[in-house]
Structures are given as C-alpha cells and as structure tokens.
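Student: Okay, here's the structure, questions in a sec.
The values are calculated or read from the model by the stated rules, or taken from the named source; none is laboratory data. Quantities reported herein were computed from a predicted structural model and do not represent experimental measurements. A quick note on method: Cβ atoms are made from the backbone with ideal geometry, for glycine too, and the neighbour counts reach across all protein chains shown.
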Amino acid sequence: MTDKTGTKSSADISALATRMEAQVESSFSGSDGNSTWTTDAVISTGNAPSNGEHEINIQPSSFFSAPGVLGNVDKIGGNQININDSISSLTPTSTNSNASFERTAAHEVGHAAGLRHGSGGLMEQTRNSNSLEINKSQIKDIVENN
Ligand SMILES: [Zn+2]
C-alpha cells in the first residue's frame, strides 16, 4: 500500500493496511451449505509491488474523475486499486448507512479479482456499508476466472 497524497506517515499507511487486511479476510470468508471459503490477505507497505502483486494506492480526491468517487481499479481483474483518502477515517457504523474505507477497500479487491457490480452484497454499487460480504457464486466466479 502506498500513500499518493503525500500527507500520511508510515504508521498511518500501516494502520490502513491492517484495516484493509481485516476487512478483506472477513468479506472474502464465509459459508453456504456445504461450501466454506477463507481468505488470508497480506498487504505490505513501503515496497513497490512485485510481479503478480496488487498495487494499492491511497489517492487524493483530485485523482478521481468525478467528485465523490470512493475508489476504483485500473480495470476489472486489474492489478491497481485506488482508494480515496477522503474516506480513510470512515469505518462501518452501527447504522452502516455511510461510506467506509473498509467497504470500499474490499469492494475494489472484488473488482481486482474479476467481479463486476451485482445486486446486494459487497459488489453492489452503493455508498452504504451495510453489505460487506460476497456470496458463493461470486467466490465461484473468482476461482474460475483466476
Ligand atoms: Zn464498484
């Protein structure tokens, strides 16, 4: 994970990486019937990504094409994930009706894993953080596409 805002300390970035790891592991682990799936996320800081690794950038709002965009990927199935620094301090709330760093980070990982927007769950295009999990069919899509 890299700070592209020029404003974060290495401790700030490490804290964001830890939050993202925890949410990705939670969002991409689950069960349905006889199927279970787990994910181990490792997000390093301070190093350029090696071949095959994803690049995760904390970007200033000015990076994005439109105001209010929370994050994006270079392409579906791509290697570059961008997250808007404006939501770095936002965590999923008790009402979960607001944007959060955790939800956006995990959502963009879904895009990087080849998932498109869907109805409900983590891959719904919404600012709400009330849907943090992917489902069995999306896990199947990831396995078959990677
Ligand atoms: Zn999306």
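Student: Name the one entry in 89, 119 that is more than 15 Å from residue 23 (Cα to Cα) and surrounded by fewer than 20 Cβ atoms within 10 Å (Cβ to Cβ). First the steps, then the outcome.
Tutor: Details: 89 fails: more than 15 Å from residue 23 (Cα to Cα).
Residue meeting the stated conditions: 119.
Every residue, every condition in (1) within 16 Å of the ligand (Cβ to nearest atom); (2) out of contact with any Lys or Arg (no Cβ under 9 Å at 6 or more places or on another chain), yes or no:
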residue: 59; (1), (2): yes, no
residue: 62; (1), (2): no, yes
residue: 96; (1), (2): no, no
residue: 111; (1), (2): yes, no
residue: 129; (1), (2): yes, no
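Student: Looking at the structure I just gave you, is residue 75 among the basic types (Lys, Arg), modelled with pLDDT of 95 or more, within 18 Å of residue 142 (Cβ to Cβ) and surrounded by fewer than 20 Cβ atoms within 10 Å (Cβ to Cβ)?
Tutor: Yes, satisfied.
Student: Check segment 93-109 and report whether any residue there is surrounded by 13 or more Cβ atoms within 10 Å (Cβ to Cβ) and free of Cβ contacts under 8 Å to residues at least 12 places away in the same chain.
Tutor: The answer is no; no qualifying residue exists.
Student: Go through 5, 39, 18 for me and flag whichever is in contact with a Pro (Cβ under 6 Å, 6 or more places away or on another chain) and either outside any loop (DSSP other than H, G, I, E, B) or over 16 Å from residue 104 (Cα atoms) (or both).
Tutor: 5
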